[in-house]
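What follows is a set of notes on a single structure, which appears directly below.
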Amino acid sequence: GGMRPARACAMAVASLASPHPPVAADTARLSTHTQRRCVSAARGRTMVVAAVGVALAPRRQSAPSDSAFSLVPSGRPGPPPPRAAAVVEALDAALGDSAARDAGAALGAAVAAYLWVKLFDMLASKDVLERKLSRKVIHTTSGPFFMLTWPLFGSAPSSQLFAALVPALQAVRLFAIGSGAVANENAVRAVSREGDKRELLGGPFIYTLVLLVVTACFWRTSPAGIAALSLMCGGDGLADIVGRRLGKGNALPWNGDKSFAGSAAMFLGGFLCSLVYVWAFHACGYVEVDASGACARLALIAAVCTAAESAPVTGLLDDNISVPVLALALGAALFS
């Protein structure tokens, strides 16, 4: 009798798979049509087995992006930083990463910062702005204004240090005026509360030191650093401005010196400032997380810092220290 089809197919497949197959006598008698049918069936089984193997094999899962409502990162590496904005790319292509570029950017930022403070010096000296308002406007705007200059610097390792020179020079200037080594009554009038030059060695000097440390250690790639400066400047500074004007009749139950209006201004000012800069630096290609992914975490940082700023510990710890340190600690935990 004839050979069973399954056996014939098996032998035909074996003969195809073996480089030097032994040819059996009964296999040789298989018709050409039967051999073709066996080979076709064997190929079909091979494809089925391969498909099953692919289906059962462990798959590599893509890293999910952080949700807008997640308070902690997923733990997996996120997507690569976005492509830089066209303006930043053009700036990098034209200027490169040379030390000359960074020195020029630092000089330009330092001159701009000086002129910015000088503007409010002049307004205070001409009584266009009252002294307290002038001081708080400088407090609120100087940090964000300086952050606007960060894209002017290159991406070399030394670029960050050149940027840190700007607040370092301002700190030296404040120390010289506050210690009496340099006389500058306009600066004292604009920055101090009571017109005493020694006040410049307190909050204003600490403010510039925080700018220096955050720039040197975190800079434009860190959402934590952005949040720290935003809450110290846009948050804490705005809280005083709004609280003095709209805080009457809505004092906080746990601290009569603070108001709901001032606390709301601090939360909204600090949160929105940090959100805008995360969005901007993400668009520039510096920050990996985008504004939607950072939104909930920035709101939490702003809420905790606002609560800490409202605590009845006035005089024990300067807000220029407590607020940015707390924001950095929370930011490091939430964005790690």
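Data table
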| read-out | value |
| --- | --- |
| Flag for Q170 being within 24 Å of H282 (Cβ to Cβ) and outside any loop (DSSP other than H, G, I, E, B) | no |
| Residues being β-branched (V, I, T) and either free of Cβ contacts under 8 Å to residues at least 60 places away in the same chain or assigned to a helix (DSSP H, G or I) (or both) - total across segment 288-302 | 1 |
| Selected residue [outside any helix (DSSP H, G or I), modelled with pLDDT under 95 and surrounded by fewer than 19 Cβ atoms within 10 Å (Cβ to Cβ)] from G249, G285 | G249 |
| Selection status of L272, open to solvent by less than 30 Å² (accessible area, probe 1.4 Å), farther than 25 Å from A110 by Cα and not charged (D, E, K, R) | no |
| Candidates A110, A90, filtered to the one that is over 30 Å from D290 (Cβ atoms), open to solvent by less than 80 Å² (accessible area, probe 1.4 Å) and assigned to a helix (DSSP H, G or I) | A110 |
| Subset of segment 309-325 [more than 12 Å from A227 (Cβ to Cβ), open to solvent by less than 50 Å² (accessible area, probe 1.4 Å) and either part of a helix (DSSP H, G or I) or acidic (D, E) (or both)] | E309, D319, N320, S322 |
| Residue list for segment 296-308, filter: under 18 Å from the mean Cα position of the chain (by Cα) and crowded, with 21+ Cβ neighbours inside 10 Å | R297, L298, I301, A302, C305 |
| A164 being surrounded by fewer than 20 Cβ atoms within 10 Å (Cβ to Cβ), assigned to a loop (DSSP other than H, G, I, E, B) and touching a residue at least 24 places away in the same chain (Cβ under 8 Å) | no |
| Within segment 174-213, considering residues that are within 25 Å of L231 (Cβ to Cβ) and assigned to a loop (DSSP other than H, G, I, E, B), the one most open to solvent (accessible area, probe 1.4 Å) | R193 |
| Residues that are within 17 Å of A113 (Cβ to Cβ) and either open to solvent by 30 Å² or more (accessible area, probe 1.4 Å) or small (G, A, S) (or both), drawn from segment 147-159 | L148, L152 |
| One residue from A216, A239, A264 being assigned to a helix (DSSP H, G or I), farther than 12 Å from T306 by Cβ and among the hydrophobic types (A, V, I, L, M, F, W, C) | A216 |
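The values are calculated or read from the model by the stated rules, or taken from the named source; none is laboratory data. Note that the structure is predicted; figures quoted are calculated from it, not measured. Here the Cβ is made from the backbone with ideal geometry for all residues, glycine too, and neighbour counts use every protein chain on show. Heavy atoms of the whole protein, side chains included, go into the accessibility calculation; ligands, DNA and RNA do not. Shrake-Rupley method; radii C 1.70, N 1.55, O 1.52, S 1.80 Å.
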